[in-house]
Amino acid sequence: MKKENDKLKVDLTDVQFKSMRNNLIFYNIDESEEENCTETVMTFCEENLKIEQVATKIKVTDAYRLGKKSDKTRPILVKFHSFENRDFVKRNAKQLKGSSYGISEQLPREILKRRKEKLPILKDLRERLNLKAYFVKDKIYVNGKEYVP
C-alpha cells in the first residue's frame, strides 16, 4: 500500500511538472489598478529583457497575478503558447542580473521542497569547489552530469 501511495505521489508530481512546463513567474514588476498582465509582461520583456519586436517573437496564452491583493507586489504567472517561447524568455533573463526583477520556472511544491533541501550542496559545489552546478527538476548536475553525493 505504501509503495503504491509513493508511486502515485511521484506520478502526480510528474503530471504537475508537465502541466507547468510552459510557465514562468515574473517577480517585482510594479502593479497598477487596471493592468492587463499580458501587456505588462510584453512591455517588461521589451524594456528589460531587450527583446525587440516582442509581439512577433513571443505568444502568451495567459498571464495573471498570484495571490490576494496586498501592500506587497504580487508575482505574475505567465503561460506561454509553447516551451520554445518560454525558453526564449528564460534565456534572456540574464539581462536582469543586478536588478530587483526576477524570473523563475513554475515548479510543483514537492520539487521546490527537494530543491530547497539540496540548495546547500549546490552552493558548496559552486562556491567552494568552483564548479558549474545547476538544478534540473530536483536533481543537481555538475558539468552536464548528474551529481550524486
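The numbers here are math on the coordinates, done by the rules we state, and not lab data. From a predicted model like this one, the values you see are computed outputs, not experimental measurements. Cβ atoms come from the backbone with ideal geometry, glycine included; neighbour counts cover every protein chain shown.
Figure legend: label point modelled 7 angstrom from the Cα of E146 along Cα→Cβ; residues of the range 71-112 with amide N under 16 Å from it are 111.
Between the beta carbons of E31 and K139, assuming R0 = 30 Å, the FRET efficiency works out to 0.30 to the nearest 0.05. Around the amide H of I140, modelled in the peptide plane, lie the amide H atoms of Y147, all under 5 Å away and 5 or more residues distant in sequence or on another chain. Sorted from largest to smallest, which semi-axis lengths in Å does the alpha carbon gyration tensor of the range 21-106 give for its equivalent ellipsoid, taking the root of 5 times each eigenvalue? So the equivalent ellipsoid measures 19, 14, 12 Å along its semi-axes.
Were the residues from L129 through V10 laid out at 0.36 nm apart, the gain over their Cα-Cα distance would be 39.6 nm.
Taking a straight line from the alpha carbon of K68, these lysines sit under 22 Å away, with near neighbours fewer than eight places off in the same chain left out: K79. Backbone geometry of the range 18-25 corresponds, through the Karplus equation with coefficients 6.51, -1.76 and 1.60 at θ = phi - 60°, to 3J(HN,Hα) couplings of 5, 6, 9, 3, 8, 9, 10, 10 Hz, x marking Gly and Pro. In straight-distance terms, cross-link reach from K72 covers every one of the aspartates and glutamates whose alpha-carbon lies under 13 Å from its own, apart from those fewer than eight places away in the same chain; here that gives D30, E31. Rounded to 0.05, the FRET efficiency of the D71 and M1 pair, given R0 = 41 Å and the Cβ-Cβ distance, is 0.30. Applying Stokes-Einstein at 25 °C and 0.890 mPa s to the Kirkwood radius of the range 105-149, computed over alpha-carbon pairs, gives a translational diffusion coefficient of 229 µm² s⁻¹.
The residues packed around V78, meaning those with a beta-carbon under 9 Å from its beta-carbon, carry a net charge of +1 if Lys and Arg are +1 and Asp and Glu are -1. From the Kirkwood radius over Cα pairs of the chain, Stokes-Einstein at 4 °C and 1.567 mPa s returns a whole-number translational diffusion coefficient of 75 µm²/s.
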